[in-house]
Every structure is written in structure tokens, then in C-alpha cells.
Amino acid sequence: MKQKLMLFIALLLPCFLFAQQIQTSIKGRVIGSVSKEPVAGVIVELNGENKQTRTDSKGFFNFENVSQGKDVLMFNSVNITPQRILIEIEKGVINDVGNIEVIELQTNEDLSLVGVIDEVMVDDDVDNSSQDVSSTVILSNDVYLNRAAYQLSPVRFRVRGYDSYYQQKYINGVSFNDQLRGVFNYASIGALNDMTRNGDVVNYNRPSTFTYGSIGGAENINMRAGSYAPGTKATLTYTNRIYYLRGMVTYATGLRPDGWAFTASLGGRYSHEGNVDGTFYRNFSYALSAEKQWKGGKHSLSLVTFGSPVARGQQSASYKEVYELTGNYLYNPNWGYQNGKKRNAKVVKAFDPTVIASHIWNISDDVTLTTGLGFHYGRYGNTALNWYNGGDPRPDYYRQLPSFTEQIKTELLWRRNDTSYTQINWDELYRQNYGKDNANYMVEERRSDLYETTLNSTLNARLSSRMNLIAGIGLRSTTSSQFKTVDDLLGSKYIEDIDKYALKGESVGSFEEKQSDLNRPGRKVYEGGVFGYNFNLNIYSANAWLLNQYRSHKFDFYYGFKLTYTDFQRDGKMRNGHYPTNSYGKGASHTFTDMALKGGLTYKINGRHFITANVSYGTEAPLPNDAYISPRVSDRTIDGLESGRVLSVDVNYIFSMPSLTGRIGLYQTNFYDQMERYSYYYDGNEANTTSMHTFVNHVLKGVNRVHRGIEMGATYKLDNHWSFDLAGTVSQSYYNNNPMGLISPENGMFSDVEEKVYMKNVYVGGTPQVAGTFGVRYFINYWFLGANINGFGRSYIEAAPMRRMASNYATIDPTDPKQLYAYETLTTQERLAANYTVDLSVGKIYYLRNRNSINFNLAVYNVFNKKHIATGGYEQGRTDISYPDRYTSKYYYMQGINCFLNVSYRF
């Protein structure tokens, strides 16, 4: 009897164990309502559980360990009309919702998961030191992030006013924000839109499955071959922007029965001359991805390589006087005629070949380990004019403007647009060099190359039906090579490698002090040779982080922490004559250990209304690019170099009803003990009688800023045809203290000057602080029509700290109206005029035989052709109390009416 009982138990045990293993889950598939083809990359969210996933290359999605009862599945993507369905979840079974049919949209092909690609990088020179990279779009269910950031990108809108390095970018789980400036280089994936549409998104500092996160949000671009739907897509685009023609072809096999998947993409962008005079664009891009998934789903190995070499002519900011004289708000001072052909002095040449190996190990149904190893080389060069024994060749140099010369002839030359005067006169520069072995004028290329190796590994573990644990590590090694080369000697044979500012007079210093490299004094440099400065920054970092998430019926919460180790060191390749003891060889090693904490709570009022709160606090090492006083010529840093601190809090009300969805949020972020470095040509001040005409770096330490505001985004769906979007923010981003500043000349002309800078209540410049957009969408029979009105205001030009030192105004007599005017002119931050634009779009999808399709879209931006809208600018560091209007600010203006016409064919 006992043996029979044991046999009976043994027979029942597998069934019992199997029953215990069955968990409550949801699965389904998303397909096009007309094409009946799977739709990959759709964001699927289980509203009540606050869970999110994406459909795979075959359109399937799955949620594990969900609660029983009624809930809402939400489907969203740039490629479909958002959709919601109510479901009833049964406990202990796999709830199969079957095929979910969605309306596939025609979309603007510029809008992809990685956002609006703006390749205007921060150039390492005086004119462009204040340029910023536009904020990117994070495509998710958040209407505010989706609509406001994209529609307002032409006015340089930055979400919450954050700098771009607070937006983290990963590719296949590997971090790709560089360690020098902390930013992601969008040029590296230019014209690879089809390859960058899939991925995971985390808004702001919320928890994610691939990173600890950042206050600006994070994206993980999924370029694994198995994530792309099978087929071929060819795209042709016309636009009248910096480039006017773009082509892309992408082919994907999908996941084959043998477990292999392959995807390849080729693209390019071109313009002989863009919408701005003197600019051009030449770009070719490629991407190859292969993936092997083994049977049983335990392992997946992916290898992807991509690159996007580009050469482009740049535009620079200029004075309002110049724009008005020429009648052209897109005036570009960087070009001129050479032998009858336009030539741009500022040309960027960049290439970022990248290889990523990624492995996914599904250790069990509850535990997944994802590991990625990335190798990245970044070649970035930016050319510029340089001159020695000659006048400033820039056409908009202030001494050549009518306001300075006060000559009618000068004004006539500008108003007639005499290009021999209003643009760079290349023929004259060649004439000045004629017969001279040592060049008076030349073109240099400023190089900033990167060699990076990155390892990231992330563990996702489901500890119970209500608790998840995510942990990760990251290791990075970076070498940043900074140097200058001779690009073009303009007819001469060589240049002498000496400091041109040291040529002002023999009193400046001896022969040795003028040398760029005392190890090779008196050196002659020929085309292609390195001169001026040459150094490496070696940067190493390691981090470990952990996040714990807990879900219940009414409350969800999470908490996490991160530990980061950073070490960087300058390695000089030249012994500068002004700084002979601290410019050559390896300098001091700067080491930082930083910690970050964060947590959040979600209260579920019901399945359609939520309240969330998030808080984070952490320290962060200074960026190596900002840590050194004059990195080109010395190893010196400010005394007491330390980590900055960031405290961020936000509270949100999220609603999701059948016709109305959106979010209203309040936030405040405090930055403490930050560093900022500015570069100027310095004239000194009236309190100092010594002539100080030289190039200086101005380093601010202990900078505090406050970013706070309210943001709102909502979508109202009237019926199956009409929908309305509203998104906007009212914010304040400003400096909250008066930090100390250190002025240091690169040529050692005078001793460093340390002085308080009165920055308190100065606004953070370069982005509107009040902005919004209202959109109307109409859909019928796969015709798509849209219109947006975009408003923006309270945008300030970027303030120059040099103008906010008391010593500049020591001689001011406050009872003298002229002197008081000078003081107010030089210290008052300019607020740009508020304005609005209107955008229109129309599109259509044609479905052909064999489920092929043709997709076209025409979008017209700034339809009222407003050309006078200033989108940003910056104050000059120079001051002159006697002539306060002499060194006016420089501005950027929005392009007038512009279009984007896109046609794609899927087969």
C-alpha cells in the first residue's frame, strides 16, 4: 500500500509542479489593420501594473507575473495611431489577447526613437563656445516629451533646461555618452534612421532595465538584427535645410528558423550648398548587424558595426548690425570666394566607426543577464582661419563694421553686399602670403579624437510576483587626443610654431617663452604637421548600481543607488614655453568616488489615474573637458577640484482615459558646486592700466543653479478621425549664487586673477523657459493631415561671466548718466522677443499587392516665413565702458519657411 501511494505521488508531482509554475501572464501580437503584417517596436504598456515592453520583430509582446482583474493595454509608437483596449485578466493562466490591429501611420522620417538629430557640436573655439546641442526627443507615452521637444527643437528648446550630457544614450546596452564632454554624438548614427527606431526608454530619472538612469532620461537603442521586421525599405528625402537630399536602404531577414538574423543599412545626405550660404553637406553611412539566437531561448549573441563619415560647412553667429545691413538673418561670416568658387573656412570632418558585441543570457524564466562590449573611435576635426602678421580676416570683425568705422563707404559696402568686403577674401589672403615662406594667414584643423572601450553588464531578476531587482556594472577606458594640424598654408611653405599673441612685443617674454614646444624650439611646421598644442586626456571609470522595484495593488515604489569611480590625467606631448614645468608629460591624476541615491512612489487612484513622485540625489565628478584651467598648454586645475552635487524632485498626475490621456508635473532640480569654463579674447579693464590683449580662460567654481517649473502634455481623441495635442511648460532656470572665478591667460601675459562673479539671478541662456505647442491631427483612409502652432518666450542669451565682475566698473560714477548707462548695458542680460510659428503636414500610405506599401509625407515648417526670430545668442567677454555698445552680443536666427518631403517604399 505504501509503495502504491509513493507511486501515485510520483506520478502527480510533475503535474503539481507544472501547475505551480503556471503564472498569470498576458501575450498578444500587434499587426497592421490593412497590411496584416506584424508591427515591430510598438510600446505596449499595462496601465494598472505600470509595466512596459515592446513588440518584437514578429509583432509579439508578453507580460509576466501580472495581477488578475480589469486593466488597460496601451499601444503607442511613431508608426501607429495610439490605441487602448480593456482586458480581463484571469489568475493562473496565460491570457492571450490575440491579434491587436492598429492603424499604421505615415510619419515624418526625421522623427525616430533617438529624436531630432542636431549635429551642431560644441566647437572648441571662441566664436562657437556658447553653442549647444538641441534637446532630443524621447518617444514614449509621455505626450509632453513626445510633442514639445520635437515641435520646439528649432528654437533650441531643452527639456527642463538641462544640458545635453544629462540625456544618456545606450546602444545594445552599451553606454555611448563620451567621457570627455559627457555628450552623445548624433553624427555617428546620421542617415541610419531605420536602424535606430527600436529600443527602450526611461523618462527623466525613473528606473529602467538597462541603466541606473539620469535626470534627463535615458534611451537604449536596440540594433540587434533579430528586432527588425523582415523586408526591405528604400527612402528618398528632399529638404531645404543644411542638406537637401537624403537616401536610405535597409534590408532585414528577420529571425530565421535557424536562429540567425541579419540586417544591413546604407544611407547618405548631400548638399552642394545648404539653405545657409557657404554651407554644404557630404555624408555616407553604413550599418551591419548579425544575431544568433540558440534554441531554447537561453542565449543570444549579437554583433553590430556602423559608421557615418561626414564633412559639412558650418555657420557661425554674428552681430545684429550685420544681419540688418545685409538683410539676411542667416548671414554666414565663414565663407568667401576663392577663384570664383565659394569656400568655407569652418569645415567639420567627423567619423565614428563603432563595433558592439552583445550577449543575452536567459539564466532562467526569472533571471536575465545582458552584457555588451563596445569599441569606438571618434575622429573630429574643425577647421578655422589663423593669422600671425596680419589683420583679422573675419568679415564681421567689429573694426570693419560701420558702427566702429563711422564711414559711409563702409556702410555702403555692407548694404551692397560686396562679397570682397562682407565675406572672407580668400584671394587677398593668398596675396598677403605671396612670396613669403612663413605664412601670415593659414587654415588650421583643431582635432578632438576619442578612443573608447566600454563594458556594461546588467542583471534583471524577478524575485517574486511583486518584486524586481536590477543591478549593473560599467567599465570604461577613454583616450582623448587634442591637437592642431596645419590644414592649408594658402600658398606659403610653413609656419613657425610659436605663440602668435607673444608677438605683441619683446616685453612679453624671451625666445623660449614664445615656443609652443621647448623640446623642439624654432620648429617649422608644414601642411599636415602638428603645432600649437598636443595632449591626451586619459579617462577611466567604473560604476556599480542596483535598483529594487516593488508593486502592490495600490502602491508601487522603487529605490536604488549607484557608486562611481572616476580617474583622469593629462598627458602633454609639448613643453609649452609659458608653462615649461607643467605642460609636458603625465600630470597629476585626479580621482573621484561618487555616490547617487534615488527613489520613487506611485499611487494608483484607479486604473486610469496615478500620482507619482520621484527624488534623486548624487554627486558627480567634473567633466575632464571642464576640469583644467588651460588644458591646451598646462596641467593646472583650480584649487579644491571636487565633485558637484545634484538634487532633483518631481511630482506628477498621470491620467489615461478612453478619449483623454496625459500628464501634469511639477519639478525642481538644484545643482551645487558645479564648474564652468569660458574662453574669451580679453582686453582687460579700466581699473588695470596694463594692456592685456590676449586669449584667456575663465573658470567658475562652486556654481549653483536652480531649474524648476510645471510641464503638461495631453492628447484628446475626439473620434477615429480627429485628435488634439497640447504640450507646454512654464519654467525658471537661473544661477543661484555668486561663484568665484579664475581668469588665466594662455600665454602667461599676466598672473591669474581670482574674483567673485555676480551671477546670482542670471538666467540660464539658450532655451525658452515658457514654451508650448497645440496640434490638430486628422486621419481618414490613410490620409494624414496635421497642423501645429508653437509658442515660446522668456529666452535669454547666454551671459558672459567676465561682464559681471565688480573690478570692471570700479571707476563708474553712478551719478553720471552716461557711465550708468554703460554699466546697465554691460550687465543686463538680454531677453529675446517671444514669438510663434505654424507647421503643417500631409501624408498618405498606399498599400500595394503582396502587402507592399508606399509612404509619403510632406511637412512644412514656419509656414509664415518668419526670418527674424532669434533662437539664441551669447554675450562677448570684452567690455569697454567708454563705448558700451562696441562689443555687442552675437545671435542665431531661425530659418524661414522650410520643408521636408519624404517617400519610402516597403517590400
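Rule-based calculations on the coordinates, nothing more; no lab input. Only a predicted model underlies this, so the values are computations on that prediction, with no experimental measurement involved. Every residue, glycine as well, gets a Cβ built from its backbone with ideal geometry; the counts of neighbours run over all protein chains shown.
Cβ under 13 Å from HIS553's Cβ, HIS553 left aside: what net charge do those residues give with Lys, Arg +1 and Asp, Glu -1? Display every interim value, and only then the final one.
Numbers: positive: LYS70, ARG466, ARG551, LYS554, LYS604; negative: GLU49, ASP71, ASP556.
That sum, taken over residues with Cβ under 13 Å, equals +2.
Rounding to the nearest 20 debye, state how big the charge dipole of the chain is about its Cα centre with +1 on each Lys and Arg Cβ and -1 on each Asp and Glu Cβ. Could the numbers behind the result be given before it?
On the way: 93 positive and 87 negative charges, 574 e Å.
Using only the charged Cβ atoms, the result is roughly 2760 debye.
Per 0.36 nm of contour for each residue apart, how much would the distance between LEU369 and ASN852 grow if the chain were fully extended, relative to their Cα-Cα spacing? Please report the intermediate quantities before stating the final value.
Details: separation 483, 0.36 × 483 = 173.88 nm, distance 3.77 nm.
Full extension from LEU369 to ASN852 adds 170.1 nm.
As a test of the formula, what do you get for the chain when each DSSP H run with n ≥ 4 contributes -39,500 (n - 2.57) and the sum is divided by the residue count, at 222 nm and rounded to the nearest 500 deg cm²/dmol?
Details: 8 runs with 66 residues, N = 907.
Helix-only estimate at 222 nm: -2000 deg cm²/dmol.
Applying a 10 Å radius around every beta-carbon, put 559-568, 780-789 in order of their mean neighbour count, most first.
On the way: 559-568: 18.9, 780-789: 15.1.
The peptides rank, most packed first, as 559-568, 780-789.
Here are some pairs, LYS484/LYS701; LYS51/LYS604; LYS341/LYS409; LYS51/LYS554; LYS58/LYS844; which of them have Cα atoms lying more than 21 Å apart in this structure? Working shown, then result.
Working: LYS484/LYS701 28 Å; LYS51/LYS604 13 Å; LYS341/LYS409 26 Å; LYS51/LYS554 14 Å; LYS58/LYS844 24 Å.
Flagged as over cut-off: LYS484/LYS701; LYS341/LYS409; LYS58/LYS844.
Kirkwood hydrodynamic radius, computed over distinct alpha-carbon pairs, for the range 551-633: how many Å, to one decimal? Write out the running numbers ahead of the final one.
Details: mean 1/r = 0.0597 Å⁻¹.
Hydrodynamic radius (Kirkwood, Cα only) of the range 551-633 equals 16.7 Å.
Assuming R0 = 56 Å, what is the FRET efficiency of LYS818 and PHE561, from their Cβ-Cβ distance, to the nearest 0.05? Walk me through the numbers on the way to the answer.
Numbers: r = 58 Å, r/R0 = 1.04.
Efficiency, from the Cβ-Cβ distance: 0.45.
So what is the relative contact order of the range 21-102, in percent, for Cα pairs below 8 Å that sit 6 or more residues apart?
Numbers: 198 pairs, mean separation 33.3, N = 82.
Normalised by residue count, the contact order of the range 21-102 is 41 percent.
Compare the peptides 579-585, 531-537, 817-823 by average per-residue count of other Cβ atoms within 10 angstrom and give them in order, highest first. Spell out each step's value before the answer.
Details: 579-585: 16.9, 531-537: 22.0, 817-823: 14.3.
Output ranking for 579-585, 531-537, 817-823: 531-537, 579-585, 817-823.
Using Cα pairs closer than 8 Å and at least 6 residues apart in sequence, work out the relative contact order for the chain, in percent.
On the way: 2555 pairs, mean separation 83.3, N = 907.
Dividing the mean separation by the residue count of the chain yields 9 percent.
Once you have the Kirkwood Rh of the range 316-472 from its Cα pairs, apply Stokes-Einstein at 25 °C and 0.890 mPa s and quote D in µm²/s.
Working: Rh = 20.5 Å.
Translational D for this selection: 120 µm²/s.
Out of all DSSP beta bridges in the range 657-907, what portion is antiparallel? Express it as a percent rounded to 5. Kindly include the intermediate steps, with their values, before the conclusion.
On the way: 97 of 98 bridges.
Bridges in the range 657-907 are about 100 percent antiparallel.
Show which aspartates and glutamates lie in cross-link reach of LYS36 when reach means a straight Cα distance below 16 angstrom and same-chain residues fewer than eight apart are skipped.
Filter leaves ASP56, GLU101, GLU104.
Cut-off under 13 Å on the C-alpha distance; same-chain residues fewer than 8 positions from LYS493 excluded. Which aspartates and glutamates are left, in chain and number order?
ASP437, GLU527
Of the listed peptides 406-415, 261-270, 195-204, what is their order by residue-averaged count of other C-beta atoms within 10 Å, with the highest listed first?
Working: 406-415: 13.5, 261-270: 20.7, 195-204: 23.3.
Result, highest mean first: 195-204, 261-270, 406-415.
Could you calculate the FRET efficiency of VAL903 with TYR778 from 1/(1 + (r/R0)^6), where r is the beta carbon distance between them and R0 is 35 Å, rounded to 0.05?
Numbers: r = 21 Å, r/R0 = 0.60.
Here the calculated transfer efficiency is 0.95.
Which length gain, in nm to one decimal place, applies between LYS36 and ASN99 when the Cα-Cα distance is subtracted from 0.36 nm times their residue separation?
Numbers: separation 63, 0.36 × 63 = 22.68 nm, distance 0.96 nm.
The span from LYS36 to ASN99 would gain 21.7 nm if fully extended.
Can you pull the Kirkwood radius for the range 587-712, inverse mean 1/r over Cα pairs, to one decimal in Å? Intermediate results must be reported in sequence, preceding the final value.
Details: mean 1/r = 0.0544 Å⁻¹.
Final number for the Kirkwood radius of the range 587-712 is 18.4 Å.
How much of the DSSP beta bridge set in the range 21-102 is antiparallel, as a percent to the nearest 5? Walk me through the intermediate numbers first.
On the way: 20 of 27 bridges.
The answer is about 75 percent antiparallel.
Pulled fully out, how much extra length does the chain show between LEU475 and TRP260, if you take 0.36 nm times their separation in residues and subtract their Cα-Cα distance? If you can, show how the numbers build up before the last one.
Details: separation 215, 0.36 × 215 = 77.40 nm, distance 2.93 nm.
Extending this stretch completely gives an extra 74.5 nm.
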